[in-house]
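Here the structure is laid out as structure tokens; the discussion comes afterwards.
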Amino acid sequence: MSQTDPIDATDEMNRTAEQTISTTDGETAEETRSEWVDYDTGGETKLAIKNLDVYYGDDHALKDVSMDIPEQSVTALIGPSGCGKSTFLRCLNRMNDRIRSASINGTVELDSEDIYQDGIDLVELRKRVGMVFQSPNPFPKSIRANVSYGPRKHGDIETGLLARLTGRADPESEEELVKRSLERAALWEEVSDRLEDNALGLSGGQQQRLCIARCLAVDPEIILMDEPASALDPIATSKIEDLIEDLAQDYTVVVVTHSMQQAARVSDQTAVFLTGGELVEYDNTEKIFEDPESQRVEDYISGKFG
Ligand SMILES: Nc1ncnc2c1ncn2[C@@H]1O[C@H](COP(=O)(O)OP(=O)(O)OP(=O)(O)O)[C@@H](O)[C@H]1O
Ligand SMILES: [Mg+2]
């Protein structure tokens, strides 16, 4: 048959129109290839995400995302606004459970155990997988109380977690935990003589490092950060970036950023999400920024859209 069936042709045009509409302004449609996201990280897998779909009501926000996140490294998530980066991050410690319209299919394995299976203790999960948000959100309490809040709330001061963390079981241990967490968050030297001051009196960059210290105080394994430096000036940003790299020696860090330079500077591997909630490419950071496989990814990182 040499002639195109007119019904099929209309159908084809509709589908093409649909594809065009579903992409960001300036972005060209392109078929996604599974090998572009099939990246072997080489490290021990801390989080294995398999066929993850997220809907908000009827809105399909994340589509069939699969990727492995290796331990003790920095994984950057980049992509244009609305492509599902925060949604993806929130799936990793089940924060999306709090959004009533959200429904989630697929699996997220933490050390090979599915965090979405029945009977998972969410408090314990969120201790293991901590989160730092875009705007620093310290409690209106003293610097000390912000850091010791988590261990106190979870009763760990009585149950001995604190002693385990500090390696000591005496009343000084809370003091040590606060110091150790602030040191690890590169804030101790700036606040050691004002621990009783209200945390809201700190600068934005200091507040963000305090939030990181608060997260570290409950001894997490993974730290999720959603644009942790986007509200900060360049000097405060560079401190957070140094800290992220340093934390990756002990923790698994997953960071969402809108800054290509930041992703290129701090991350070991980069996942690029594009419009429609697709993971389009995942590879080591150098490869993504220097020689991406996908034309859409190349257009995005060279600033042609997004
Ligand atoms: N609580 C919610 N209820 C309904 N829809 C939501 C909710 N949160 C996000 N969405 C929708 O899901 C899609 C992905 O949003 P998400 O916030 O994950 O994107 P993002 O990549 O983090 O964007 P940005 O870079 O602007 O932060 C968007 O279409 C958004 O409108
Ligand atoms: Mg977001």
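The values are calculated or read from the model by the stated rules, or taken from the named source; none is laboratory data. In this text, all values refer to a predicted model and were calculated from it rather than measured experimentally. A quick note on method: Cβ atoms are made from the backbone with ideal geometry, for glycine too, and the neighbour counts reach across all protein chains shown.
Only a single criterion out of (1) in a loop (DSSP other than H, G, I, E, B); (2) at pLDDT below 95; (3) among the acidic types (Asp, Glu) is not satisfied by Glu174, namely (1).
Residues of region 231-248 that are surrounded by 15 or more Cβ atoms within 10 Å (Cβ to Cβ) and either assigned to a loop (DSSP other than H, G, I, E, B) or aliphatic (A, V, I, L, M) (or both): Ala231, Leu232, Ala236, Ile240, Leu243, Ile244, Leu247, Ala248. Just wondering, is there one or more residues in region 66-77 that are out of contact with any Pro (no Cβ under 7 Å at 6 or more places or on another chain), in contact (Cβ under 8 Å) with a residue 12 or more places away in the chain, within 13 Å of ligand 1 (Cβ to nearest atom) and outside any strand (DSSP E or B)? Among the residues of region 66-77, not one is out of contact with any Pro (no Cβ under 7 Å at 6 or more places or on another chain), in contact (Cβ under 8 Å) with a residue 12 or more places away in the chain, within 13 Å of ligand 1 (Cβ to nearest atom) and outside any strand (DSSP E or B), which makes the answer no.
Do we find that Asn137 is within 16 Å of ligand 2 (Cβ to nearest atom) and either free of Cβ contacts under 8 Å to residues at least 40 places away in the same chain or assigned to a loop (DSSP other than H, G, I, E, B) (or both) in this structure? Criteria met by Asn137. Apart from one condition, Val255 fits all of (1) farther than 30 Å from Phe305 by Cβ; (2) within 16 Å of ligand 2 (Cβ to nearest atom); the exception is (1).
Any residue that is in a helix (DSSP H, G or I), of a type in the set (Gly, Ala, Ser) and crowded, with 22+ Cβ neighbours inside 10 Å - is there at least one of those in region 260-268?
Yes, region 260-268 contains at least one residue that is in a helix (DSSP H, G or I), of a type in the set (Gly, Ala, Ser) and crowded, with 22+ Cβ neighbours inside 10 Å.
Report the residue count in region 66-82 for those that are within 15 Å of ligand 2 (Cβ to nearest atom) and not polar (S, T, N, Q).
First pass over region 66-82, keeping only residues within 15 Å of ligand 2 (Cβ to nearest atom): 76-82.
Those still in the list that are not polar (S, T, N, Q) too: 76-80, 82.
Going through region 66-82 one residue at a time, the tally reaches 6.
Restricting attention to region 208-252, the residues that are hydrophobic (A, V, I, L, M, F, W, C) and within 16 Å of ligand 2 (Cβ to nearest atom) total 4. For Ser81, indicate whether it is within 16 Å of ligand 1 (Cβ to nearest atom), exposed (fewer than 14 other Cβ atoms within 10 Å of the Cβ) and in a strand (DSSP E or B). So Ser81 fails the test.
Those residues that are of a type in the set (A, V, I, L, M, F, W, C), within 16 Å of ligand 2 (Cβ to nearest atom) and either without any contact (Cβ under 8 Å) to a residue 24 or more places away in the chain or assigned to a strand (DSSP E or B) (or both), I need them from region 86-123; list them, please. Walk me through it before giving the result.
Initially, region 86-123 is screened for residues of a type in the set (A, V, I, L, M, F, W, C), giving 88-89, 91-92, 95, 99, 102, 104, 108, 110, 115, 120, 122-123.
Subset that is within 16 Å of ligand 2 (Cβ to nearest atom): 88-89, 91-92, 95, 99, 102.
Of everything in region 86-123, just one residue is of a type in the set (A, V, I, L, M, F, W, C), within 16 Å of ligand 2 (Cβ to nearest atom) and either without any contact (Cβ under 8 Å) to a residue 24 or more places away in the chain or assigned to a strand (DSSP E or B) (or both), namely Ala102.
Considering only residues that are in a helix (DSSP H, G or I) and of a type in the set (A, V, I, L, M, F, W, C), look in region 208-230 and name the one that is nearest to Leu92 (Cα to Cα). Among residues in region 208-230 that are in a helix (DSSP H, G or I) and of a type in the set (A, V, I, L, M, F, W, C), the one nearest to Leu92 (Cα to Cα) is Cys215. Residue count for region 189-199 satisfying the condition of being surrounded by 13 or more Cβ atoms within 10 Å (Cβ to Cβ) and assigned to a helix (DSSP H, G or I): 3.
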